[in-house]
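Undergrad: My questions will all concern the structure given below.
Rule-based calculations on the coordinates, nothing more; no lab input. Source: prediction; values computed, not measured. A quick note on method: Cβ atoms are made from the backbone with ideal geometry, for glycine too, and the neighbour counts reach across all protein chains shown.
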Amino acid sequence: MRDSLGWLTPIFPYDKVSAGLVTSLSFLEMRDRMFLKIEGLAKRFEGLKALEGIDLILEKGEVHSLIGPNGAGKTTFFNCITGMLSPTSGRIVFGSKEITGLKPFQITRCGIARTFQNIRLFSEMTVLENVMVGRYIQTARPLVRTFVGALFKGRNFCNQENDLQDKARQLLDFVGLSRHHKRLSRHLAYGDQRRLEIARALASDPMLLLLDEPAAGMNPQETQALMSLIGKIRERGVTPFLIEHNMQMVMGISDHIIVLDHGEKIAEGDAAAVQQNPRVIEAYLGAQASTPDAKAASTTAKNPPSC
Ligand SMILES: Nc1ncnc2c1ncn2[C@@H]1O[C@H](COP(=O)(O)OP(=O)(O)OP(=O)(O)O)[C@@H](O)[C@H]1O
Ligand SMILES: [Mg+2]
């Protein structure tokens, strides 16, 4: 940064001024990169504290992963971000807009899309139609016009439908499902259904894509293909944020890992930092972590945070 600002030195000859400028430019760059900011997020279900005091900043363009034992609050966290649940307290800011408490479709329009832990496709629609549904949210056409257009097949309606189909076909190509476009979604293999959900989420042109256990039920080849798909999604300018229990995948693709346990954030950082964090080891292995056998157990315990 300092080198790239060298040409400014004659204009701002004083070190202090240029140092100040560098600092404020770095601040602006940082502000530009951090696009999801969460402050003091809490969610209670009656007496149960599913989330408590979560602060988090996500930067654009990195692969973020959220991990933690079963019941840690990961899906609840995604549900709060996407408006499926209203947080009990706290703030969620996306870009420069506060999105706390907005409805799911409003949050999708702000640029956040998601997939679900339990696949939610329109089982009686074709693969292509499922992706087109994801695109409708961006067309923002009033319901009455849609209805009248569909009834009389007006020119505008047909043009828009063709555009939707083109875009949906491109996305199916992107996730590798083109050849299945005419099939009913319920006839797809499980791993393909997960990729179809990703295509449908991408159809809304998100900036942030939340994936809740995208590798669940996939075989090693499918998981490998999913990892490269997530890389391609990032290259498209969409920031992936995934919940995953497959540690090999998480450690292999994540720039930033956040660990939840009992609704609290207990660690965050890169793969190496998270794997060595004693609180993380404790959360996954419990009391075993302090025994000499803990290391051996870490290779066999369910979902330990190592690759
Ligand atoms: N709608 C709800 N009503 C009541 N309790 C809920 C609700 N949703 C989640 N919970 C509870 O909140 C806690 C966190 O659940 P959550 O589904 O977020 O965990 P998770 O980390 O996604 O777990 P998993 O890895 O098993 O998917 C659990 O104790 C769960 O039973
Ligand atoms: Mg979950």
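Undergrad: Please compute the modelled spin-label separation between residue 93 and residue 170, points set 7 Å along Cα→Cβ, answer in nm with one decimal.
TA: Distance between label points: 3.3 nm.
Undergrad: Follow-up. For the residues 45, 174, what sequence is obtained by ranking on other C-beta atoms within 10 Å, fewest first? Don't skip to the answer; put the middle values down first.
TA: Working: 45 11, 174 17.
Ordered from fewest to most neighbouring Cβ atoms within 10 Å, 45, 174 come out as 45, 174.
Undergrad: By how many nm would the segment from residue 120 to residue 163 grow when fully extended, if each residue of separation counts as 0.36 nm and the alpha-carbon distance is taken off?
TA: In short, 13.0 nm is gained.
Undergrad: Right, next: When 190, 284 are ordered from fewest to most other Cβ atoms inside 10 Å of their Cβ, what list results?
TA: Details: 190 12, 284 23.
Taking fewest neighbouring Cβ atoms as first place, the list is 190, 284.
Undergrad: Follow-up. Please give the FRET efficiency for residue 105 paired with residue 221, using the beta carbon to beta carbon distance and R0 = 35 Å, rounded to the nearest 0.05. Walk me through the numbers before you get to the answer.
TA: On the way: r = 36 Å, r/R0 = 1.01.
Once rounded, the FRET efficiency stands at 0.50.
Undergrad: How much length, in nm to one decimal, is gained on full extension between residue 270 and residue 187, taken as 0.36 nm per residue of separation minus their Cα-Cα distance? Spell out each step's value before the answer.
TA: Details: separation 83, 0.36 × 83 = 29.88 nm, distance 3.86 nm.
Gain in length upon complete extension: 26.0 nm.
Undergrad: Be a star and scan the stretch 58-92 for residues whose amide nitrogen sits under 14 Å from the point 7 Å along the Cα-to-Cβ vector of residue 37.
TA: So the set is 58-60, 91-92.
Undergrad: Additional query: Which of the residue pairs 37/167; 103/182; 60/103; 49/103 have a Cα-Cα distance greater than 26 Å in the structure shown? Walk me through the numbers before you get to the answer.
TA: Values: 37/167 31 Å; 103/182 32 Å; 60/103 23 Å; 49/103 23 Å.
Listed pairs above 26 Å: 37/167; 103/182.
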